[in-house]
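Quick notes on the structure that follows.
All of the numbers you see were taken from the coordinates with simple rules; none came from a lab. Just so it is clear, the structure is predicted and the values come from calculations on it, not from any experiment. Here the Cβ positions follow ideal geometry from the backbone for every residue, glycine too, while neighbour counts run over all protein chains shown.
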């Protein structure tokens, strides 16, 4: 393929002049005859201008700033993305928050980005709508992402089954799950009109596991905040019905459970065991330290950015779904006693 230097040699001008003419530099003063000769030479040599790749990443999330402050999960995902963007020398655009509190989404910003990374339980229709404006799209933590779109997430249904089997192996079978449901949102940040609240896969796995073993399925699905953990303990204590094991759907719920149990002078892990999901840094320093199923948020960020970069560089044309393993991190509030060696 012809280069700038090839054209300069044929047109008998400097490579700098060729570059500025072909890039329509308005500050260049050159005779029209010379300008025409350069263009004709470029055409004769079948020169093709190399387009500069747009290496900007646009994060789209339905987590408001307030949500990020109350639940570190979303903040840590964003920080993981930012760290990998920096490592790969890409650029990061200002985060677009579709949380129902801001103005309508600016489609032009989505279209101008080199790639977009979507975080949150957006509907499949919303994800496909975003793809219309930017084909370089990666979705984080949404197993319901259409198969035609890149995604990275963990199989939390399977992770819950593994956790329950570990608990069962310790001889404990009185378990209460505390969590919430999920809201599917559209591109206005509002709940979709159909099937707004969806069942969490951890709860689904829990109920099916209990049914298979003919164990009573006990759960409280009040929400995902610390206060929901606090209220769960209070509600169970009204009937003197504390379980052997609490499973919290996320770390914030687990902290609420821990704090309320301690307020009631109930000792962990002697009186009650406690296990959470997510394994954010915040729970690793609780006293006692909380056992948690580690969801690899850092890997979500790294993988999503690398997938986006592949799309930008056009090195991959098929969509892929990456399922990142979620592992139990044992700490003081629960340990598997009968692990196979």
- Message: With a 10 Å cut-off between alpha carbons and a GNM built on the chain, which of 138, 201, 18 moves the most?
- Response: 18
- Helix-only CD estimate at 222 nm, as mean residue ellipticity for the chain, using -39500 (n - 2.57) per DSSP H run (n ≥ 4): -12000 deg cm²/dmol
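What is the diffusion coefficient of the range 4-44 in µm²/s, taking the Kirkwood radius over Cα pairs and the Stokes-Einstein relation at 37 °C with a viscosity of 0.692 mPa s?
On the way: Rh = 9.8 Å.
Translational diffusion coefficient: 334 µm²/s.
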- Message: Given an 8 Å cut-off on Cα distances and at least 6 residues of separation, report the relative contact order of the chain as a percent.
- Response: 18
- Message: How compact is the range 156-294 by the rule of thumb for globular proteins, expressed as Cα Rg over 2.2 N^0.38 Å?
- Response: 1.05
- Query: For the range 225-341, what size does the Cα cloud have along each of its three principal axes, sorted from largest down, in whole Å?
  - Reply: 60, 38, 23
- Task: Set the Förster radius R0 to 45 Å, insert the Cβ-Cβ distance between residue 36 and residue 281 as r into 1/(1 + (r/R0)^6), and round the FRET efficiency to 0.05.
- Result: 0.10
- Message: Give me the base-10 log of I(q)/I(0) for the range 1-140 at each q in 0.11 Å⁻¹, Debye formula, one uniform scatterer per Cα, rounded to two decimals.
- Response: -0.61
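Report for the range 156-294 the percent antiparallel among DSSP-assigned beta bridges with both residues inside it, nearest 5. Write down the numbers at each step before the final one.
On the way: 3 of 17 bridges.
Once the DSSP bridges in the range 156-294 are tallied, antiparallel ones form about 20 percent.
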- Message: If you fit an axis through the alpha-carbon atoms of helix 124-133 and take the longest principal axis of the Cα set of the chain, what angle between them do you get, 0 to 90°, nearest 10?
- Response: 20
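Convex hull volume of the Cα atoms in the chain, per residue, in Å³?
Numbers: hull volume 62.6 nm³, N = 341.
Spread over its residues, the Cα hull of the chain gives 184 Å³ apiece.
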- Antiparallel bridges, percent of DSSP beta bridges restricted to the chain (to nearest 5): 15
